[in-house]
Amino acid sequence: MNFDESVSYLLSLGHETLAMKLGLENVRRLLARLGDPHTAYPSVQIAGTNGKGSTAAMLYAVCRAAHLRAGLYTSPHLVSITERVRVGGGEISREEFARHATQVREASGRVREESGALPTFFEQVTAVALCAFRDARVEVAILETGLGGRLDATTAATASTVAITPVALDHQEYLGDRLAEIAAEKAAVIRTGVRAVVAPQETEANEVILRRCREAAVEPRFLTEDVSVEGACGGGRLRVTLRTPRETYAGVCLALRGRHQFTNAAVAVALAESLADDGFKITREHIVEGLETAEHAGRLELMEGGVHTLLLDGAHNPAGARALRAYLDEFVGAKVSMVFGAMREKALDEIGSVLFPAAGRLVLTEPRSPRAATVQELLRAVPPQDPPRSVALAPSVSDALTLARAQTPPGGTICVTGSLYLVGEVKALLAAGA
């Protein structure tokens, strides 16, 4: 298959969430058919609800600063599927992706003959990443868990180091209705013999995670809470000092925006120090450089220089919405124009109650996804306001962007949020010159 054929094939397997089948048996069969690529290098697996991708991006930047050949696997992608697999600082090439996807497709066919079930989209893309990392001879792979942990395809890589970022309610239709149930799914990545880093949690989640640590005889590494803000360094970025039992990281200008990044930075620091304990040559200077250079598209991503400032953030659950609202209140201040689209199974009323009051002009739209809420469903999530805000309904994301630009005065901010699928569509439009 060439690249376009490989993407068409993978998409034919069904939407990665709607067609998802949680479980490890089939992905283990697939990896065995491919020669168990994950055994060629150590891995770090990052689970949790919010902050997984940001933490992974920071740790990846630390490894790059330390001149380690690292692989990074994240999901979902925004524009191109190659964004999910990175080695040495760049995305995998289209040619390499197609080559690995072809091998994975052939192995998946044999798995279906054996088990009766074809590996899913996410299982096959995960296998593509793990094979690409083997061929690139990475020294360490950083894997963002897709959904949950216990039965997520990335867990089949049997990472030697794991982390759990803050756990919150999300994906209840798959993981359970209570925080304790969701925490149990995430905590299952903690196995006997691993190093585990645990972020601060709500009491209910923390009890579950600590119980799992005891069952696995794992002594978790908890994050430092000794974090102080030294000031701002422009564009909503903050200068902080983090102190761990080992080191002081003073005057660090975090590359990723928002106060919620303190926790993610602390997780990345703990993971980096854990890798150093395992013999990787990572110094204080490497950690500081990584925190100051990390990139994570679509998460409080600021695009300046045009008639309007664009702020892209894939906040898709109440915790993410609160983090975005805190950023808007602290660093933007004035009412923004907001383009909002989300998936129908999300907590729309709660997300709307947090975000929509920050919008002077609100444009509701529907991303191209079978899970997307209609604009009428979104409209029902708009809380009443006195005086009423301007609310417009746009049938397409392109129309929404055009409306927001027309309604926003020069120099104003347009915030695009509610879903990474929406953010991805907007980024593709911008890349095409829209």
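Computed from the coordinates by the stated procedures, all read-outs in this text should not be read as laboratory data. Just so it is clear, the structure is predicted and the values come from calculations on it, not from any experiment. Methodologically, a virtual Cβ is constructed for each residue, glycine included, from the backbone with ideal geometry; neighbour enumeration extends over all protein chains shown.
Overview of results
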quantity: Sorted by Cβ neighbour density within 10 Å, fewest at the top, the residues S8, S398; calculated: S8, S398
quantity: Förster radius 41 Å - calculated FRET efficiency between A428 and E219 (Cβ-Cβ, nearest 0.05); calculated: 0.35
quantity: Relative contact order of the range 75-183, pairs being alpha-carbon contacts under 8 Å that are 6 or more residues apart, as %; calculated: 16
quantity: Burial ordering of K281, K186, fewest other beta-carbon atoms within 10 Å first; calculated: K281, K186
quantity: Whole-angstrom gap from the range 225-289 to the range 360-434, using each part's C-alpha centre; calculated: 34
quantity: DSSP-defined antiparallel bridges as percent of all bridges, the range 240-399, nearest 5; calculated: 45
quantity: Sequence-separation-based contact order of the range 301-431, relative, with Cα cut under 8 Å and 6+ spacing, percent; calculated: 37
quantity: DSSP bridge orientation in the chain - percent antiparallel, rounded to nearest 5; calculated: 35
quantity: Expected 222 nm ellipticity per residue - DSSP helices of 4 or more, -39500 (n - 2.57), all of the chain, to 500; calculated: -12000 deg cm²/dmol
quantity: Cα shape, the range 173-303, gyration tensor, a/c 1.5 rule; calculated: oblate
quantity: Residue order, fewest to most surrounding Cβ atoms within 10 angstrom, among F133, F97; calculated: F97, F133
quantity: Summed side-chain charge close to A159 - residues other than A159 whose Cβ falls under 10 Å, Lys, Arg +1, Asp, Glu -1; calculated: +2
quantity: Between the range 299-326 and the range 128-166, the alpha-carbon center distance in angstrom; calculated: 27
quantity: Relative contact order (%) - criterion: Cα under 8 Å, at least six apart; region: the chain; calculated: 15
quantity: Global form of the range 353-434, assessed from the alpha-carbon gyration tensor, a/c cut-off 1.5; calculated: oblate
quantity: Segments 302-314, 327-339 sorted - mean Cβ within 10 Å per residue, highest first; calculated: 327-339, 302-314
quantity: Cα gyration tensor shape for the range 66-178, rounded if a/c is under 1.5, else prolate or oblate; calculated: oblate
quantity: Charge tally in the Cβ shell below 11 Å around S419, where Lys, Arg are +1 and Asp, Glu are -1, S419 excluded; calculated: +1
